[in-house]
Amino acid sequence: MGSTIISQRLHVGLQQLTALAAVTHSFLGPNKNHKFIQDESTGESSLVCTCFRVLEHLDLTCSVGQLANETIQAHQKVFHSGAGCLLFMAGVWSRAALECLHRDISIPHIVSAMSEGLDICCKVCRSNSVSIEDVRPNASDSGTSVLQGSPHTVLRNPVTGMNPSHGALNNKKQSRIKLTHSRHFCANDEADKNTTPGLFSHAVSSKGVDIAHLAEAVSHGCVDAMSLVVEVSKMQSKNNGSGDSCRTFDVNKLVTCTLPGLSEDHSCVLPGCVILLSAEQASLVHHMKEQKWQVVLINGDLSEKYRHLGFNSKNDISQVTDKLDLKGLSKEDDWEDNVLTTLLKNNVNLVLVNGEASERLTQHCMSHRILVVERMKPDILKDFAETTGAVPVTYATQLSKHCVGTGVEISIWRDCSGNRRRASMAVNIVADRTALVTVVLTTSVHSKLQTLEDCFWGCAYRLHHTLKDRKLLPGAGKTELLCVQILQKHIKDNGEQTRGKDGTSAPQAKQGRAGNPHRADVFQLMADGWMDYISTLMLNSGTCSKVDAWTTINQQLIDLNGGLSLDANFSRLLLRDDTEDGMMSPDMKRSAGKVYDNMTVKLEAWRKALDLVFLVLQTDTEIITGIDPKQVEGQSNVMVL
Amino acid sequence: MSRVTKKASSVCTDSPLSMSEVCQKMTLMRQILTSCFGPNGRLKQVHNNVGGHVLTTSTSTSLLQAVSSSEPLLKLITASILNHLSRFSDCGLYTGILCFSLIDHVQKSGLRPSVAIKINKQLLEVCTSFLNQEDCGCKVNVDFNSCQSLVTLARSVISSKPACVLTEGEQQHISTLAVHAFLLTVPCGDTPGSPDRVRLGKTVTVSIEGQFVLDSAVFPGLLVNVPDMQLHPTDSERTRRGPGPFRLALFTVSLSGDLSEFGEGSLEVHSGAPDPEDLILDELLKLGEQAVTDQVEVFMCQRVIHPVLQHYLRRHGVLVVERLGIALIEPIVQMTGAQAVALYQTPIPPEAYGQVKGCCVRTVGSREMLHLLPPREPAPAVCTMVLCHRNDTMLNELKAVCQRAEHVLRLTLRDPVALLGGGCTETHMAAYISNKGTTEAAKAALSLGVSQSQYLLGLNGFCSSLEAVALALVHDGETGLVDLSYAHHWSVPQGEAIHSGTVPQGEAIHSGTVPQGEAIHSGTVAQGEAIHSGTVAQGEAIHSGTVPQGEAIHSGTVAQGEAIHSGTVPQGEAVQRGDGDEVPATCGCGLVERSARPGLEWTPLNTRYPSRSAPLVVGKDTPPQLRVLDSFTAKLNALQVAVEMANLVLDIRYVIQDVN
């Protein structure tokens, strides 16, 4: 087997990236258009409206597509937001890079100028970010803002009450290690900073800011989802004694439960977790109301056959016996009796199982008024372990007194039967002092469930990042406009510098910069990428056509002329609702001009977009391995190694 | 039915190097390697034909492992490069480029292979002895009293791979970390037990995708991955308990309690007899009891630990970590002094216990990991390098590059010297050999039994091959220059007009009659390339209307001494003097500064110039900050491998392939 080489002198990769990004253009902005993805071979289709879901569903055969997908998924995994911005910018900047190549600008020049451009813009964006204390609710009550106490992040640790500066969110180092002559560098005090004494708490409490207003600022049109997030925050604040106001938000203590069939206004927030039970089991719950119960947690399956992970079962063990077994008791019966006795002995009422539970045992337990719930999410089990004091075990036979947790309440939340083949009841299980909150998402359109869930998590993480960064960027395209302005300013300065240069007087540092003769061209093309972003935003908002948008933006840029403050009218323009069906709610109209974006997420998305462009730009060859040379004979652009 | 098809007879290829197909493939391979070379190199996307994972890289190790060729000669060369890399990690592309270049030059020169081989061998010896000379002009000492040269060495490795996509600040951060990790693995004082032997510690790399590069860090000791559920409240309590040292037990045998070690075959159990699983569990619990009575506080296993045993140990306040994986066992043994126990049926021997100073939970990126602190200072230190990057592709490249940097730094302990990077070593060495070979040609030719002209031809090929390596650093229509005094390598960016000419600065071309303000071109001027037009008659102006603006030469700039060329400059005089703007401020490695050395003259690389004096050695009394340094040990070996491989390939007369 040999390898085949495809030389990419034509930079197909950049074109592919642009094309891929174009797919997601309609997702930008608050008015998202859904897309249907249909699989011709299976006939399956799915409804999507986020960038990362599109990529997930596409069959990305080209290598560039895979690279893009990898980047997007990695970003999504860490930030849970901003993937659309990433892909959009990757698309427009790869077009910019392609244009640079057409103008015969060499690749190192493109790379250095583009990364310089992004560095400049990121720096300016950081310095123009808005502290969350300054994100005022609305003009009417901004005078009496809720600024109390010193505005700094306090990391709360309910378990230990440890020093806040040692919190889990402090993992971004404050100062880098400076290399000194010592071989051990002074890493010790640095080393201690990163330790996390309290393991499980990620809660961010925010003194001096009202989460509800912040949430509104980063809702990005998802008003319903964001109001659920605010509800979550309220409930979490109440649980840790902050009263009725929104003071804390912990995205790690949040789970979603999707229920198709009910209409969307049934979506709500509940403490603890919500599970679906059969009618039989639910009837047991009726008897369990309004009392505190004892709970045990099982990691793995609750069955006789189950063995822990890493245990290689030997199948060929045979029992040899010399007398007839008259009792007829199987091994499983023994096991069941054993487990049931253990559960009864320890007064267990509730068994939460991570895997599956044996049906027979579940029935048996039910007759003894013990509720067995299977397929619990690991996160939920973890929370129960923390709050009830239960120790998770792998085998039920392992259970002893100290493994049993206490203080669990069970209640029936809602009857969901009727819309499903099997009767089912939604049951709410709450442990004392839990911070865990469940958001129940309902919709009568089944295919919208995924979208709703994505939208909700997007909102939750936007709020999370807001509280984590404690800074926001002006949204609705204002930050992008700022970037365009900065780059144009640099282009202008650059031009003046070149004109003013006599060839001798230019200082060394400036000469190094001016050493890139195409800097201005690259900056302009980069800025055009951001212009494209804003204009697409305006187009999607339904306010104007793309051409009009460019005109408006250019006019804005002229009007600004040097000053870095931006007109609020501009962003209002972005959100002006003159679409006929009136897609914008009054809430959104009110909040126009008060739109903000997450700083870290946005800047990191830009950086990753540029990474992607650079990787593709600097690739000149595609090598396909494991190909029979005879297959590709006669293909003009292919060489065989 | 044993065999349906008849066994085909072997295929024999006579003088494979003369086959055009072989040559074509070798050229292709050479192009691939050349285009990958250096910080401005091009990346390659490698994937299989069924759409597997896409590898984006310009690193020789990853590339050569992924790409296979059907050509035996190429396989041979690839294998030898990979072998070199397995020993030195660095200079893989260098080996390949030099090797292919040598073969190519011999073929072009028309020398008989046997003659060329002899000459190459002799010249290799000259090179080796030159590099080993005390006063060799391309060598600098690595000063262990400061980190400067070590960091430069690391940064040269790290910045050489564009697929890492690092900003300058990030490059500096990672280079510093690489040096930090390296220094942590150098033990202070003697290794206990063997006073005259130093045993280096280990660096374990943990890579985390999706985080900021600047979150990468180095920790003394080990970071162990513990899945979420394993961090039981009791464990986290343990991690906070006062200062150690803690006693540690380490097992390599699976403690999962299964019967796998009985091997194949069926087992018959009497119904009255106890269950074998229970028996094993009893055995394991006995082990646990011993651990608890022996006051073990950290209990680790390479594989799975039975949950009941885990439960028992945790109940007694022992920190339990399972599924460490084989890679971590040796570093743990080295750090804690524990012996890995491979048996659970017998009690743990007391000498098998190791020690850790403490443990804590550390949040790195999005992961929570258990940090084991080394027990005492002078022990062979083990450290963990946490590498973070924005996506997987770049992270993989970064990981490879950091491991390479670590190896390169370790090689300095054997030879505390480094070579000038940026192509300067190659151009300098080529100039030295060219000079030495030319002056001693008669003697050398005699001793080799070849004619003097053959020797000079071989010499020229060898020097050109060395320069070809330096030239490979130059991409994107840049031009490689060499200065005539120190023979260092200078690269001029695209778009700047480069010419050779004897014209002093500020003066127009010596084609006297050309009216000022008029463009002078040879009709074939290639974009951004060095121009030697041998046909332009003196005084004749040729206007090429097709030269795009800004790319070629306009006489408007001629007056400023920038664009000057001429067709009639005699060879050997084709040099440029002065400080025309186009030549960068320093040479490739940063040792020669233009401002500090006025009167330098340049000529494009790989142009023939008649014998010249031996290159001067730059005085290193007050060396300017060197930008690029290469590993001495790796490059020396790479040079040897390349020349020997080239000789071997040239020597191959037949290729016999079994096609069954």
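The values are calculated or read from the model by the stated rules, or taken from the named source; none is laboratory data. All values reported here derive from a predicted model rather than from experimental measurement. Cβ sites come from the backbone with ideal geometry, for glycine too, and all protein chains shown count toward neighbours.
Side notes on the structure shown:
- Residue in the range A:389-401 that is over 21 Å from residue A:288 (Cβ atoms), within 14 Å of chain B (Cβ to nearest Cβ), assigned to a strand (DSSP E or B) and out of contact with any Lys or Arg (no Cβ under 7 Å at 6 or more places or on another chain) present: yes
- For the range A:407-433, the set of residues classified as modelled with pLDDT of 85 or more and either under 20 Å from the mean Cα position of the chain (by Cα) or of a type in the set (Ser, Thr, Tyr) (or both) consists of A:411 only.
- Pairs with Cβ under 9 Å, 6+ apart, first in the range A:336-352 and assigned by TED's automatic domain parsing to the domain that holds residue A:281 and more than 20 Å from residue A:392 (Cβ to Cβ), second surrounded by 17 or more Cβ atoms within 10 Å (Cβ to Cβ) and of a type in the set (D, E, K, R): A:336/A:304
- Filtering the range B:111-152 to residues that are among the small types (Gly, Ala, Ser) and over 21 Å from the mean Cα position of the chain (by Cα) leaves B:114, B:116, B:129, B:137, B:146.
- Scanning the range B:131-153 for residues that are closer than 19 Å to residue B:486 by Cα and surrounded by 18 or more Cβ atoms within 10 Å (Cβ to Cβ) yields B:131, B:136, B:137, B:138, B:139, B:140.
- Of the residues making up the range A:73-90, not a single one is under 18 Å from residue A:516 (Cα atoms) and either over 27 Å from the mean Cα position of the chain (by Cα) or within 12 Å of chain B (Cβ to nearest Cβ) (or both).
- Only listed residue being at pLDDT 85 or above and out of contact with any strand residue (DSSP E or B) (no Cβ under 7 Å at 6 or more places or on another chain), chosen from A:18, A:24, A:61, A:42: A:18
- If only residues of the range B:563-577 that are surrounded by fewer than 18 Cβ atoms within 10 Å (Cβ to Cβ) and not acidic (Asp, Glu) are counted, the one that is modelled with the highest pLDDT is B:577.
- Condition check for residue A:390: touching a Phe, Trp or Tyr at 6+ places or on another chain (Cβ under 7 Å), surrounded by 20 or more Cβ atoms within 10 Å (Cβ to Cβ) and among the small types (Gly, Ala, Ser): yes
- Condition check for residue B:64: more than 10 Å from every other protein chain (Cβ to nearest Cβ), in contact (Cβ under 8 Å) with a residue 60 or more places away in the chain, not in a loop (DSSP other than H, G, I, E, B) and not acidic (Asp, Glu): no
- Per the listing B:447, B:451, B:465, the residue uniquely buried (at least 24 other Cβ atoms within 10 Å of the Cβ) and modelled with pLDDT of 90 or more is B:465.
- Lone qualifier among B:97, B:77 - being crowded, with 21+ Cβ neighbours inside 10 Å, farther than 20 Å from residue B:15 by Cα, in contact (Cβ under 8 Å) with a residue 60 or more places away in the chain and of a type outside the set (Lys, Arg): B:97
- Hey, residue B:89 surrounded by 21 or more Cβ atoms within 10 Å (Cβ to Cβ) and either at pLDDT below 95 or of a type in the set (Ser, Thr, Tyr) (or both) or not: yes
- Of residues in the range B:33-56 being in contact with a strand residue (DSSP E or B) (Cβ under 9 Å, 6 or more places away or on another chain) and assigned to a helix (DSSP H, G or I), the one farthest from the other protein chains (Cβ to nearest Cβ): B:36
- Among the residues making up the range A:286-303, a single one is more than 23 Å from residue A:386 (Cα to Cα) and at pLDDT 85 or above: A:303.
- The set of residues from the range B:168-186 being farther than 22 Å from residue B:204 by Cβ and touching a residue at least 12 places away in the same chain (Cβ under 8 Å) comprises B:169, B:171, B:172.
- Filtered residues of the range A:591-641 (kept if within 8 Å of chain B (Cβ to nearest Cβ), part of a helix (DSSP H, G or I) and at pLDDT below 80): A:629
- Residue match in the range A:35-44 (condition: in contact (Cβ under 8 Å) with a residue 24 or more places away in the chain and either within 30 Å of residue A:462 (Cβ to Cβ) or not assigned by TED's automatic domain parsing to the domain that holds residue A:458 (or both)): no
- The single condition from (1) within 33 Å of the chain's Cα centre (by Cα); (2) under 22 Å from residue B:312 (Cα atoms) that residue A:380 fails is (2).
- Boolean, residue B:186 is away from every other protein chain (no Cβ under 14 Å) and hydrophobic (A, V, I, L, M, F, W, C): no
- Every residue from the range A:41-71 that is more than 22 Å from residue A:448 (Cα to Cα) and either part of a helix (DSSP H, G or I) or in contact with a Lys or Arg (Cβ under 9 Å, 6 or more places away or on another chain) (or both): A:63, A:64, A:65, A:66, A:67, A:68, A:69, A:70, A:71
- The set of residues from the range A:207-226 being farther than 12 Å from residue A:455 by Cα and in a helix (DSSP H, G or I) comprises A:211, A:212, A:213, A:214, A:215, A:216, A:217.
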